[in-house]
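Below is one structure, written out as structure tokens; the observations come after it.
The values are calculated or read from the model by the stated rules, or taken from the named source; none is laboratory data. All figures in this text were calculated on a predicted structure; none of them were measured in a lab. Reconstructed Cβ throughout: ideal geometry from the backbone, glycine too, with neighbour counts over all protein chains shown.
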């Protein structure tokens, strides 16, 4: 099996991770920090907004089982790509919408996908998702990994992550992992 890696920032990584661990063809999901200036920042440092890092998930996927197009479809349905530095009540540069590619093909696919969303007027406002090469990635602390799975009754998980997982399950029934 040959896998590819892409890094996505769609607000709080707990929510994004909660969805992508349920996706058929995704072989690994890791919460982390990407595209900031410092190496190996802590959660507390990222939360200040001064490191430039984004809360992200690093996805490994099997392109024989799920296409990048499908990954992007899920990504754009589970977060608001039209709000700059904000997802719901989470505000700050660490919550920006971003696609951090690892290959030139991913860059082109992401740019083409966003162009189609814009042309089709999928959203009422412009898409502000940044498309940049993945830089300075580091894994988030262990307690952030699989947070939703370990804490399904935690308030944020119930109010924010749970509905995103439900939306994914309803919208992409054919991609839900068995």
Exercise. Can you tell me how many residues in the stretch 15-28 are over 18 Å from residue 99 (Cβ atoms) and crowded, with 24+ Cβ neighbours inside 10 Å?
Worked result: 1
For this session: Select from the stretch 1-35 the residues that are touching a strand residue (DSSP E or B) at 6+ places or on another chain (Cβ under 7 Å) and in a loop (DSSP other than H, G, I, E, B) and list them in ascending order.
Result: 3, 11, 12, 21, 22, 24, 25, 35
For this session: Exactly one condition in (1) in contact with a helix residue (DSSP H, G or I) (Cβ under 6 Å, 6 or more places away or on another chain); (2) in a loop (DSSP other than H, G, I, E, B); (3) surrounded by 21 or more Cβ atoms within 10 Å (Cβ to Cβ) is not met by residue 49; state its number.
Result: (3)
For this session: For residue 44, indicate whether it is part of a helix (DSSP H, G or I), more than 23 Å from residue 117 (Cβ to Cβ) and at pLDDT 95 or above.
Result: yes
Exercise. Do any residues in the stretch 102-117 that are closer than 18 Å to residue 5 by Cβ have Cβ atoms under 6 Å from those of residues that are assigned to a helix (DSSP H, G or I), where the two are at least six apart or on different chains, and which pairs are they?
Worked result: 109/68; 113/72
For this session: Keeping to the stretch 11-39, report how many residues are at positive phi and at pLDDT below 95.
Result: 1
Problem set entry | Pick from the stretch 52-70, criterion closer than 19 Å to residue 122 by Cβ and in contact with a helix residue (DSSP H, G or I) (Cβ under 8 Å, 6 or more places away or on another chain), ranking: surrounded by the fewest Cβ atoms within 10 Å (Cβ to Cβ) | 69
